[in-house]
Amino acid sequence: MHHIHFETTDSTQEYLKQNISDLLAIDRDLIVTTDQQTAGVGRHGTRWSKYSNSLCFSFTLKPSESLTLTPLELGVLLSEFCQQKFNQKLQLKWPNDLILNQKQKCGGILCHYHSPEVLMIGIGLNLGQCTEKVDESQFKFKSASLLPQSSFDNTQLQELSLELFQYFLDNRKSLIEIQEGWNQLCAHHQQLVEVVDGPQKSSGHFVGIGSDGQALIKDPETGHIKAVISGSLFY
C-alpha cells in the first residue's frame, strides 16, 4: 500500500479527493492518516472532529459487487476487527454509523465515488479516552469510545489505521455475507424508526437491509415493507 501521513491536516478525505488522480498513478491501495485533523467532514457536510485517542483516516477501495453495499460491508469488517483485536462489540446504525450500547455513537464511515473501480472512504472511530470537553447538546446520539479507559500515542494510532486498512483489503465479503452480517450487527433491528431524507419521512419497524443496502421499513398497520434508499435514521 502507499501510505501518506500528516502531523496536521484539514481533512484526510479532502486531501484524497483533491489529489486522487496523481495518487492513483502511484498505487491503487492508498491510505492517508493524520495525527491532527482540523476540518474533518461527515455525511451531508457535517463536521467530524478528531479527538484524542481516535482513529481518523481515508483510503481508496474497489467497490463491492454492489456499489451501495460497500460502506455497509466496511461496517461489518470494522466490527469484526474490533471484536478480534479488542474483544469489544461494535454495532451498526443505518446507513453508516458505528454504535455502542444501542444508542451511543463512536464513529462513522464516509464514502465518495471516484470511478467504477475506486471509492474514497473516510473512517472516524473514537477508540480510547477523550480528554477534550465536547458539547453534545446538538446531537441526538451521545458520543462514546470503544475503550474509554485506554490511551494511545500517535504511532500506535497510525499503526492501527494501517492494520485496519489491511484487514479491509484481506477480508472482502460476498453480497449475502454483507447482508447477513450487517443485519446481525444492527443496533435497531425490529425497532420503530424514522428515516428522514429532506422533506420525505418514512416510519415503521426496521426489518433489515435489502440487496443494495436499502433500509427495509415495515408499516406496523398494513405490514407493507418499504425500501428506503437514503436518509438519516432515528430511533
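The values are calculated or read from the model by the stated rules, or taken from the named source; none is laboratory data. All values reported here derive from a predicted model rather than from experimental measurement. In this analysis, Cβ positions are derived from the backbone assuming ideal geometry, glycine residues included, and neighbour counts consider all displayed protein chains.
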- Note on the structure: Those residues of segment 197-225 that are loosely packed, with under 14 Cβ neighbours inside 10 Å and more than 21 Å from Leu67 (Cβ to Cβ) come to a total of 10
- Message: Kindly evaluate Glu73 against the criterion of being buried (at least 23 other Cβ atoms within 10 Å of the Cβ) and in the same structural domain as Glu177 (by TED's automatic domain parsing).
- Response: yes
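Out of Gly210, Gly223, Gly181, I need the residue that is over 18 Å from Leu72 (Cα atoms) and not polar (S, T, N, Q). Which one? Give the steps one after another, and end with the answer.
Numbers: Gly210 fails: over 18 Å from Leu72 (Cα atoms); Gly181 fails: over 18 Å from Leu72 (Cα atoms).
Going through Gly210, Gly223, Gly181 in turn, the sole match is Gly223.
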- Message: Need the failing condition index for Gly208 against (1) assigned by TED's automatic domain parsing to the domain that holds Ile121; (2) in contact with a helix residue (DSSP H, G or I) (Cβ under 6 Å, 6 or more places away or on another chain), just the number.
- Response: (1)
- Query: Which numbered condition trips up Ala25, out of (1) buried (at least 20 other Cβ atoms within 10 Å of the Cβ); (2) over 19 Å from Asn171 (Cβ atoms); (3) at pLDDT below 95; (4) of a type in the set (A, V, I, L, M, F, W, C)?
  - Reply: (1)
- Restricting segment 153-172 to residues that are more than 16 Å from the chain's Cα centre (by Cα) and assigned to a loop (DSSP other than H, G, I, E, B), which is nearest to Asn126 (Cα to Cα)? Asp153
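Right, Thr60: modelled with pLDDT of 95 or more, among the β-branched types (Val, Ile, Thr) and part of a helix (DSSP H, G or I) or not? So that I can check it myself, show each step before the final result.
Details: modelled with pLDDT of 95 or more: yes; among the β-branched types (Val, Ile, Thr): yes; part of a helix (DSSP H, G or I): no.
So Thr60 does not fit the description; no.
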- Listed by first then second residue, the pairs whose first member lies in segment 119-141 and is surrounded by fewer than 20 Cβ atoms within 10 Å (Cβ to Cβ), whose partner is of a type in the set (Lys, Arg) and at pLDDT 85 or above, with beta carbons under 7 Å and at least 6 positions apart or on separate chains, are Phe141/Lys103; Phe141/Lys105
- Query: Taking into account only those residues within segment 12-29 that are more than 18 Å from the chain's Cα centre (by Cα) and among the charged types (D, E, K, R), which is farthest from Gln158 (Cα to Cα)?
  - Reply: Asp22
